[in-house]
Amino acid sequence: MVSLAADDLLTGTVLNNADKAFDGNPGTYFSATNFNYGWAGLDLGERHVITRVGWMPRDNVPSRMILGVFEGANSPDFMDALPLHIIRSVGEVGKPGEMNYAEITCSVGFRYVRYVGPATSFSQVAELEFYGHKGMGDHSNLTRITNLPTVSIHTLDGVIPYDKEHEIEAQFTIIGDSSYALLSEPGTIRERGNASRDFPKKPWRIKFEKKQHVLDAPAHAKKWTLINNYGDKTLMRNLLAFELSRRLGMPYTPYGRAVDVLLNGEYKGCYQLCDHIQVHKDRVQIEEMTPRDNSGDALTGGYFFEIDAYADREASYFYSNQWKPVTIKSPDSDSITSVQKNYIRNHFNRMESNWSSYLDLNTFLRHFLVGELSGNIDTYWSVFMYKQRLNDTIYTGPVWDFDLAFNNDGRIRNPNDMSDYVYRSGGSCAGNMRSFVDKIIINNESTKDQLLAIWGEARHNGIDQEHLVAFVDSMEEELLLSQELNFLRWPIMKKIVHQNPRIWGSYAAEVENVRDFIRKRVEWMDNRLGYTYVPESISIISDSDPDDIDFSRPYSVYSLSGQTLGTDLNALPTGIYIVRQGPLVKKIQIR
Ligand code: CA
């Protein structure tokens, strides 16, 4: 039972000249002066726990209110606002002349409440109502937009980030997995990225004033990125590639997590909150140089750099002797000395002309395998590398940027239909990277053995169709609610965007393309590398003694070379097969 007091219709001072939304008259409506980020709200005078919100649309145009967001705050500029509710569908918008209600579970007490209309709506609304009771409330229950963590960003004076140079003051609120896990900290936000900045859904770099632990990320850091995934309609490609990187044993894989993002109360879609790639004890783990490190051991590192087709747009870059464009990331352009710059350029040139002595093959080959297994056209368009102090070896990593991987680039065919690696079949390569990679991967016999050993180890470490498909399944389930809202905000499902090879038509079909790609890709890689997959633990049993396998439950059947043959032994001719059921792997003879 909700007590009468708990359900009072609240009144207060109307904010933002929104009287027409609070006049009890269905025939009048509020319209903000601004097209986007307009809002109507109340100052309740003191803190109240909100238990219910109500709204009435101005007319029969649901798009004016779909994705409209209710917020509560205790600062009059709403910088500290928390989300209360989002309107998710045409049905929920309701009809003009009728009030619609949503129950609010957020337990925090707020003095200020508001409704922020969706983009391009002028925030138009005929009536708004807020119900609740006086009280400070508590943080026992916070509202997220979906099952994903919510990242809510409020900028000072409502300035929207507009380029990569100007850092806009902001307050960041992150509501994590357990609904009470709350981070609320000041910092700055700006745009980031290259091609991805051209889309209406913008990628951002956020920087906290102080180092923060964010969600379940390992790093304690100021800088983080919000990846927009505009051209990746599965919204999971980067996260999937990071998983491949972990399973292929890269020493450092960037943190990444799917989140919903609000900017000044407006829903901006499903993003990936990721590590900012930088020198850091939990990220690229090398010594950070100072401008005093100009001689002796100190001059030898650490350096973090990127073979980068966009290098000439950066403040600090060089071309190598064999014409590779290289951006120096650390030391950064503000602090690097000319001595340091000369040192790393000379050392890079030395590596380029004598890679077998100076390039760490272990990381280079694993990075190559992540790129080819994911079918990434951009593997050698941008390659992060680093050099540690007192170590002449140049290491490759981390992996980054997989929007166009997993059969998402119309400039090339489906990588599974090609006879050669993506980087040799139309892949984008910075400078002379194609011939450089050829020297290592194609023309060197000992490298081939090492590549095969790494692949073989990975094939028994989670790089197999069954586990990778299960990972895609789990991501699809996790993203299901958020993708619905994302594609309401960005209605591009039936449009070609970025380099999309075709329109798949639905979220499920987009994900199925990725699932199908992976299923075939593992076998494609086995074939191209000349590798035969043999499960580790095989015990021969006769068909009359099926040991632990319970044939009444689902199992998978493989050929002796690891090829998937389906889920039914009875459908197969006589012969010897591998049967997997959960952790059990048995060789079975059908007579
Ligand atoms: Ca009205």
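Taking region 103-126 as the range and being within 16 Å of the ligand (Cβ to nearest atom), over 32 Å from the mean Cα position of the chain (by Cα) and open to solvent by 10 Å² or more (accessible area, probe 1.4 Å) as the test, only Gln124 passes. Taking region 5-49 as the search range and keeping residues that are within 16 Å of the ligand (Cβ to nearest atom) and of a type in the set (Val, Ile, Thr), which one is most open to solvent (accessible area, probe 1.4 Å)? Among residues in region 5-49 that are within 16 Å of the ligand (Cβ to nearest atom) and of a type in the set (Val, Ile, Thr), the one most open to solvent (accessible area, probe 1.4 Å) is Thr11. Within region 103-142, the residues that satisfy the criterion of being touching a helix residue (DSSP H, G or I) at 6+ places or on another chain (Cβ under 8 Å), in a strand (DSSP E or B) and either among the charged types (D, E, K, R) or farther than 18 Å from Ala18 by Cβ (or both) are Glu127, Gly132, His133.
What number of residues in region 169-209 are assigned to a strand (DSSP E or B), of a type in the set (Asp, Glu) and touching a residue at least 24 places away in the same chain (Cβ under 8 Å)? Number of matching residues: 3. Residues considered: Asp260, Asp232. Of these, the only one that is assigned to a loop (DSSP other than H, G, I, E, B), of a type outside the set (Lys, Arg) and either on the phi < 0 side of the Ramachandran plot or touching a Gly at 6+ places or on another chain (Cβ under 9 Å) (or both) is Asp232.
Residues in region 127-148 that are of a type in the set (D, E, K, R) and within 35 Å of the chain's Cα centre (by Cα) were compared, and the one that is nearest to the ligand (Cβ to nearest atom) is Arg144. Of note, Pro83 does not satisfy the criterion of being surrounded by fewer than 22 Cβ atoms within 10 Å (Cβ to Cβ) and away from the ligand (no atom under 16 Å from the Cβ).
So, of the residues in region 245-280 that are touching a residue at least 60 places away in the same chain (Cβ under 8 Å) and basic (Lys, Arg), which turns out to be least open to solvent (accessible area, probe 1.4 Å)? This residue is Lys268. Selection of region 50-68 for residues being of a type in the set (Val, Ile, Thr) and either within 14 Å of the ligand (Cβ to nearest atom) or touching a residue at least 60 places away in the same chain (Cβ under 8 Å) (or both) yields Ile50, Thr51, Val53, Ile66.
Considering only residues that are in a loop (DSSP other than H, G, I, E, B) and of a type outside the set (Phe, Trp, Tyr), which ones fall in region 157-168?
Step one: filter region 157-168 for residues in a loop (DSSP other than H, G, I, E, B), giving 159-167.
Those that are in a loop (DSSP other than H, G, I, E, B) and of a type outside the set (Phe, Trp, Tyr): Val159, Ile160, Pro161, Asp163, Lys164, Glu165, His166, Glu167.
When Tyr380, Tyr343, Tyr358, Tyr386 are checked against the criterion of being touching a His at 6+ places or on another chain (Cβ under 8 Å) and either buried (at least 23 other Cβ atoms within 10 Å of the Cβ) or at negative phi (or both), a single residue qualifies: Tyr358. Part of a loop (DSSP other than H, G, I, E, B) and more than 30 Å from Asn60 (Cβ to Cβ): does that describe His154? Judged against the criteria, His154 is not a match. For region 466-515, the set of residues classified as of a type outside the set (A, V, I, L, M, F, W, C), outside any helix (DSSP H, G or I) and loosely packed, with under 15 Cβ neighbours inside 10 Å consists of Pro491, Lys494, Lys495, Arg502, Gly505, Ser506, listed by residue number. Just wondering, is there one or more residues in region 69-76 that are surrounded by 13 or more Cβ atoms within 10 Å (Cβ to Cβ), farther than 24 Å from Pro186 by Cα and more than 16 Å from the ligand (Cβ to nearest atom)? Checked region 69-76: no residue is surrounded by 13 or more Cβ atoms within 10 Å (Cβ to Cβ), farther than 24 Å from Pro186 by Cα and more than 16 Å from the ligand (Cβ to nearest atom). Return yes or no: is Lys439 surrounded by fewer than 18 Cβ atoms within 10 Å (Cβ to Cβ), at negative phi and part of a helix (DSSP H, G or I)? Considered against the rule, which asks whether it is surrounded by fewer than 18 Cβ atoms within 10 Å (Cβ to Cβ), at negative phi and part of a helix (DSSP H, G or I), Lys439 comes out as yes.
The values are calculated or read from the model by the stated rules, or taken from the named source; none is laboratory data. Quick caveat: nothing in here was measured; it's all calculated off a predicted structure. So basically every Cβ, Gly included, is an ideal-geometry build from the backbone, and we count neighbours across all protein chains shown. Only protein heavy atoms, including side chains, enter the accessible area calculation; ligands, DNA and RNA are left aside. Shrake-Rupley method; radii C 1.70, N 1.55, O 1.52, S 1.80 Å.
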